Structure formats: structure tokens, C-alpha cells
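S.K.: The structure's right below; bear with me while I get my questions together.
None of the figures in this text is laboratory data; all of them are computed from the coordinates on show. Being a predicted model, the structure only gives us computed values, none of them experimental. Ideal geometry is used to build each Cβ from the backbone, glycine not excepted, and the neighbour counts take in all protein chains shown.
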Amino acid sequence: MSKPLPAAPNPTLDALLVRLRPHFDAADILTELSQLLPYESDASTSFHERPLAAVFPQTTEQVQVTVKACHDLDIPFLARGSGTSLSGGSMPIAGGLMIILSKMNRILEIDLDNLRMVVQPGVINLNVSKAVAAQGLYYSPDPSSQLICSIGGNIAFNSGGAHCLKLGMTSNHVLGMKVVLPDGEVVSLGGKSLESPGMDLCGLMVGSEGLLGIVTEATLRLLPKPQIVRTVLAAYDAVDKAGEAVAMVIGSGLLPVAIEIMDRLAIDAAEAAVHAGYPSDAQSLLIVELDGPSDEVLPQFDGLLKLLEQSGAQSLKIPKTEEERLKIWKGRKAAFSAVGRLSPDYLVQDGVVPRGKLGQALRQIGVFAQQYGLRVANVFHAGDGNLHPLVLFDNKVPGELEKAEQLAGDILKMCVDLGGSITGEHGVGVEKLAYMPYQFNERDLDSMYAIYHSFDPKQLSNRGKMLPGQSPDIQTGHATADRQHPLERAGVIQRF
Ligand SMILES: Cc1cc2nc3c(=O)[nH]c(=O)nc-3n(C[C@H](O)[C@H](O)[C@H](O)COP(=O)(O)OP(=O)(O)OC[C@H]3O[C@@H](n4cnc5c(N)ncnc54)[C@H](O)[C@@H]3O)c2cc1C
């Protein structure tokens, strides 16, 4: 058996290790290629990069020491939670350090009097609700990935979920945080109260995709569980009819806690995966849920059923037990990963259209699918107009990946053209860099560069993500930069 070749000398890594080793157990620093391999991409496996090394801090102090060392040595770094980003957001930076927060997974305080919880960023989303379930409380943002994704990742992407229509996204439920800034300074933003004086810097951090620093503690808002919940599953013979029903429901003045749509392909995938008991003859399904005090919800639910009948639903199914209700949701939450049963490869897209244009958007996606000769499964947070088209393809067929990417890009441009957005909740990451100038004008982008620059003049924190063409030449934070991203230069992504 041949011996493994010794690693090539790397003075940057050596200098970094001199700074880190006194503060970390040896097992919490990874430098071997074989150890780093599992971290080369996130859930969007089309993007890969090799990091310099990875560390697993357990305290704010360890994050601070690490970031300060990167700052002094000019080493780019990124925070990583559970790595479930679907946009390349937690893909490593070439030659950069990964600061993996999965061991910062402690609940630091449960304040029942004020309905707050303070957590480390690696705490898994669902574990927040589990920790206070016995007290009749829960944490409301519920990404479908909530079994595995972390609070830090949720903050960086302002993640949402099926139940965010009524109660808001992550930004509405994170009130305070401790952050290690890109130069190693530690700051506390916001607090336990709903309003803090001065600029809302805590709000600025939410959705900033790890560019402004690393969150090491977060103060979350807890809510009492609603008194009752009523759910209905409506089946339609066409997907755009379900889209139009959404506009009818919201237009009537009702505010459901969730409205979700799945089309035929997504139904097939979810059925195959979890046997949710969805109707076999429907072209699309609408899941609508109301919650709140019973004297409000019960009459509203009667009104909702009448509206759905008027909207042309083929059938309405009302779960009789909590088990049946959870089964409906299990199918919906499994739909993304279940699509893997229908196709060897797929791209998950994430765009938003105004609610009233859902029907039009769905018809147009059908037209694109025909034009490209590819199948597209649709499963989405319809109440927010947040589409999640899944473009199915076979990477082994030459040219299919490129076709799938073009189709996905056409959908994003359609979202902007209809007055919507290129991302609802999965972030820009690297995947949607090329579409930022389609969505934003120069001035908008300049403002974002200026904010990034004021936090991180060296552009070390999650360099190359969210803002196209970041360049160390930017000294003023204004748009003097070469807006071409390295992936654009390599022809991997295109700009419009
Ligand atoms: C099957 C599936 C279903 C999904 N469903 C949904 C959904 O319904 N709604 C939704 O919004 N998303 C969804 N996602 C996407 C993803 O789960 C979310 O974006 C999630 O918030 C990412 O969390 P994470 O811990 O995996 O973060 P990571 O992927 O590790 O990181 C995501 C981003 O956060 C940054 N980051 C991580 N931790 C920190 C920190 N402590 N401080 C600063 N920056 C940090 C990273 O640098 C990166 O930019 C889904 C993904 C999958 C695979």
C-alpha cells in the first residue's frame, strides 16, 4: 500500500493554526482534505469549493479569537450552521476558513415571564419549540428544513416557512443578538423588548447572509400555542385555479396562518415518500390553515369552506384528528426532498410574485417547461406568493443541467417582471448573484456595498456571496467595483 503524499506547505494555514491552537481542542480544528470533503458544498450540491480549514467553536470567545486571526491574516471566512442552504450560501470560500457553529447548540435562557429564549446559533429550529412545548409555547418560523436547520442560518437568510403568512418571517421573531463583527469586535444588538432605540441594527443583520458578522447568541420571541387550529385540503383540476383561489381567500379579508399549494408532480412525490393520503385525481392541492381563539376561528372556517367551493374546488378534505392534520403537513414538508424520487437531479428555485399574479405565473411556468422539454414540480408558500419551482433534469444527459439552469433563470426573471423578487427565503448565496442586477439598479446595489464595506472593509466575511463582483479594490463602498463575480468570469453563471 502506498503512503499518502504529505500535504504541500501552506504558510497561511500554518500562521492561522499558530493563532487558533491555544484556544481549541485538536479535534475541533479540521485541516485534512478527507475531513473537509463533507463541507465542500451545501444543500445546493451544484456548487463546490475547497476550504482552507474548518473550526468548531463552542463559545463567543472562540469565535472572536478566530475572526480576529482571520482579520489580521487577511483570510476570508464564513459561518456555517447546518449547511442546508439551497443557494450556495454556506459553500466554502476558496482558501477561506469555515467557522462551523453546530457545537454552539445550547439554550442559554428560557424567560417564561417575558416569552423569550436566548440561544446559541447552532440550536436547531425545531428544538426551540420542543424546549417550551410543555409550557404551551412555540417558536413560529417553521422552514420545511426545521428538523435540521440552525437558528444562525435562519437569521442569515431571514428564513420563512408555511406558517409565516400570518406571523411573519424570522425577522419578526428575533429581537436581539450578540455578533462578532468581521474585525473581531463583539457587539450586542437589540434586546428582549419589541422595540429598541436607535437604528434597527438587529434587523439589518437578519437576511444579511453572513456578510456583516457572525451571530453567536440570539434572543427569540416565543408565542403561546393557538387555542384551536382548523385545516382544509382543497383539490383542483388545474394548478392556476388553486393560485386564483389564494387571491380570493386573502381578498375576502381572511388571514390564514398558512396557505400552501402543491401541483400534480409534487403531490406524486410527497405521496410516494410519506403516503399523506392526498387525492389521486387532483392536478393541484391547496392547504389552508386558520388558528386563534375558537369563537373567531370557527365562523371564519365556515366562511373559508364556502369560498373554496366557489373557487371551483373539486373536493374539500377536513382532517378529523391532529394525526390526520399532521399527515397533511408531513406530505407538504417532505415534498422538496421527495421530488428526488421522480428525477435523478433537480434544481430548487425560490422566487416571489404578487399574490394576485400567482395564476398567471403558474401558467407561464407551464409554458417554460414545455419550451425547454423539462418537467417542473411546483410546491410553494402561496399566501406570500413565494414560488418554489423544482426543475427536474438528468445530469447524465449532456446539456440538461444548462437547460434546467436557463429555465430556472427564466422563472426568476418572470418573477421580477411581474413585480416580485428573485428570492423569498433561500437567499441569494452564489446561485442568484447573476440576477441581482436584474432585480436592483446601481443605486440599490451601491447602498448594499456601502453597508457591507462599513462592516467589513476587507471583505472577508462570506466573501463572494449575495453581492455580485465584490472586490478588494472597493475602498469607498461605492460602485467602482468590477461587478464580475469569479463564477461569471469562469462562465458558470451569466449576468443580464
Ligand atoms: C429540504 C429543504 C427544505 C427547505 N425549506 C425551507 C423553507 O421552507 N424555508 C426556508 O426559508 N428555507 C428552507 N430551506 C433552506 C435552508 O434550510 C434555510 O435557508 C436555513 O435557514 C439554513 O439554515 P442552516 O443552519 O442550514 O444554514 P447554513 O446553510 O449553514 O448557512 C446559511 C447562511 O447562513 C450563514 N450563517 C449560518 N450561521 C450563521 C451565523 N451564526 N451568523 C451569521 N451567518 C450565519 C451562512 O454563512 C450562510 O450564508 C430548505 C432547505 C432544504 C434542504
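S.K.: Treat every Asp and Glu Cβ in the stretch 136-230 as -1 and every Lys and Arg Cβ as +1, leave all other atoms uncharged, and give the resulting dipole magnitude about the Cα centre to the nearest 20 debye.
M.R.: On the way: 6 positive and 7 negative charges, 112 e Å.
Computed charge dipole of the stretch 136-230: roughly 540 debye.
S.K.: Here's a follow-up. Fewest to most neighbouring Cβ within 10 Å: what's the order for Glu322, Glu217?
M.R.: On the way: Glu322 10, Glu217 21.
With the sparsest Cβ surroundings first, the list reads Glu322, Glu217.
S.K.: As a test, work out the antiparallel percent of DSSP beta bridges whose residues both lie in the chain, rounded to the nearest 5. Please list the in-between numbers first.
M.R.: Values: 57 of 65 bridges.
The antiparallel fraction comes to roughly 90 percent.
S.K.: Treating the beta-carbon of each Lys and Arg as +1 and of each Asp and Glu as -1, no other charges, what is the dipole magnitude of the chain about its Cα centre, to the nearest 20 debye? Don't skip to the answer; put the middle values down first.
M.R.: Numbers: 42 positive and 55 negative charges, 99 e Å.
In total the dipole reaches around 480 debye.
S.K.: Provide the packing ranking of 252-260, 118-126, i.e. peptides ordered by the mean count of other C-beta atoms within 10 Å per residue, highest first.
M.R.: Numbers: 252-260: 19.9, 118-126: 23.1.
Averaged packing, sorted descending, gives the order 118-126, 252-260.
S.K.: Only bridges with both residues in the stretch 9-124 count here: give the DSSP antiparallel percent, nearest 5.
M.R.: 45 percent
S.K.: Another question, then. I'm checking a number: the convex hull volume of the Cα atoms of the chain, normalised per residue, in Å³. What is it?
M.R.: Numbers: hull volume 83.9 nm³, N = 496.
For the chain, the hull spanned by Cα atoms encloses 169 Å³ per residue.
S.K.: Given the C-alpha centroids of the stretch 346-423 and the stretch 75-111, what is the distance between them in whole angstrom?
M.R.: Between the Cα centre of the stretch 346-423 and that of the stretch 75-111, the gap is 28 Å.
S.K.: If you place +1 on the Cβ of every Lys and Arg and -1 on the Cβ of every Asp and Glu, how big does the dipole about the Cα centre of the stretch 228-417 come out, in debye to the nearest 20? Walk me through the numbers on the way to the answer.
M.R.: Details: 19 positive and 26 negative charges, 33 e Å.
So the magnitude is around 160 debye.
S.K.: Can you give the relative contact order of the chain as a percent, counting alpha carbon pairs under 8 Å and 6+ residues apart? Show your work: numbers first, answer last.
M.R.: On the way: 1045 pairs, mean separation 66.9, N = 496.
The value is 13 percent.
S.K.: Looking at the square roots a ≥ b ≥ c of the eigenvalues of the Cα gyration tensor of the stretch 1-86, which shape do they give, rounded for a/c under 1.5, prolate if a/b is larger than b/c, or oblate?
M.R.: On the way: a/c = 1.68, a/b = 1.06, b/c = 1.58.
The shape class here is oblate.
S.K.: Let me ask another. Add -39500 (n - 2.57) for each DSSP H run of 4 or more in the chain, then divide by its residues: what number comes out at 222 nm, to the nearest 500 deg cm²/dmol?
M.R.: On the way: 16 runs with 165 residues, N = 496.
One gets -10000 deg cm²/dmol as the mean residue ellipticity at 222 nm.
S.K.: Could you please rank Phe393, Phe24, Phe56, placing first whichever residue has the fewest other Cβ atoms within 10 Å of its Cβ? Mind dumping the intermediate values first?
M.R.: Working: Phe393 23, Phe24 17, Phe56 20.
Fewest to most other Cβ atoms nearby, the residues stand as Phe24, Phe56, Phe393.
S.K.: Let me ask you something else. State the answer as a single residue: which of Val55, Ala131, Asn105 lies farthest towards the positive end of the charge dipole of the stretch 7-163, with beta carbon charges of +1 for Lys and Arg and -1 for Asp and Glu, about the Cα centre.
M.R.: Ala131
S.K.: Using +1 at the Cβ of each Lys and Arg and -1 at the Cβ of each Asp and Glu in the stretch 1-117, identify which of Asn114, Ser34, Ser82 lies farthest towards the dipole's positive end.
M.R.: Ser34
S.K.: What list do you get for His48, His71 if you sort them by fewest beta carbons within 10 Å?
M.R.: Working: His48 12, His71 19.
The fewest-first ordering by Cβ neighbours comes to His48, His71.
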